[in-house]
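To start, the structure itself, in structure tokens.
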Amino acid sequence: MPEIGINLSRGCGNPTGFANLQSGEVVVDFGCGAGIDVILAAHRVGRQGRVVGLDFAPQMIEQAKQAVIASGLQERDIELRTADLENSEMPDGFADAVISNCVINLCPDKKAVYEEACRILRPGGRLAISDVVLTEEIDPRMRERFQEYWAGCLGGSGS
């Protein structure tokens, strides 16, 4: 894994680990960031597969492009583009799987993001989402301890 992808990763899980990705599939990564999950997905779907990474930040798309090159995957069918996750402009039924790693929690209209993910999935397609959900108050000592990590994940989210 390229150092740039690891250093800029703010993910909270590994959606490619439970997405059951198969050789030849089409995968869309909602909020690809520096590309770590794009790279993992590309390895899983192989040379016959396709991976599309979407992120609202052009700077992260540039970082992801560098990470793909550093991983030696520039010859694979990998597309990285700036996009709004609520309106990805991807075709209906395009993807076998949509993955997302700690991004949807940052989106103001989560329902619209999930609707968009479902719209671009083919019939029988899969969602593999790893995200943060808060259901109760956190102990102040615990909140303080993890504040640094939250800042890295939430920085620049605009929400």
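The values are calculated or read from the model by the stated rules, or taken from the named source; none is laboratory data. In this text, all values refer to a predicted model and were calculated from it rather than measured experimentally. Glycine also receives a Cβ, built like all others from the backbone with ideal geometry; neighbour counts cover every protein chain displayed.
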- Is it the case that Glu62 is out of contact with any Asp or Glu (no Cβ under 8 Å at 6 or more places or on another chain) and modelled with pLDDT of 95 or more? yes
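Do you know which of the residues in the range 45-56 that are surrounded by fewer than 16 Cβ atoms within 10 Å (Cβ to Cβ) and of a type outside the set (Lys, Arg) is nearest to Ser100 (Cα to Cα)? Break it down stepwise before answering.
Step one: of the range 45-56, the residues surrounded by fewer than 16 Cβ atoms within 10 Å (Cβ to Cβ) are 46-48.
Applying the additional criterion that residues be of a type outside the set (Lys, Arg) yields 46, 48.
Numbers: Gly46: 19, Gln48: 22 Å.
Filtering first and then ranking leaves Gly46.
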- Message: Please determine whether any residue of the range 106-123 is crowded, with 20+ Cβ neighbours inside 10 Å and either modelled with pLDDT under 95 or of a type in the set (Lys, Arg) (or both).
- Response: yes
- Query: Across the range 11-39, what is the number of residues that are assigned to a loop (DSSP other than H, G, I, E, B) and buried (at least 22 other Cβ atoms within 10 Å of the Cβ)?
  - Reply: 8
- Task: Check whether at least one residue in the range 139-152 is small (Gly, Ala, Ser) and at pLDDT 70 or above, and report yes or no.
- Result: no
- Quick one: in the range 86-105, of everything that is modelled with pLDDT of 95 or more and either among the aliphatic types (A, V, I, L, M) or on the phi > 0 side of the Ramachandran plot (or both), which residue is surrounded by the fewest Cβ atoms within 10 Å (Cβ to Cβ)? Glu89
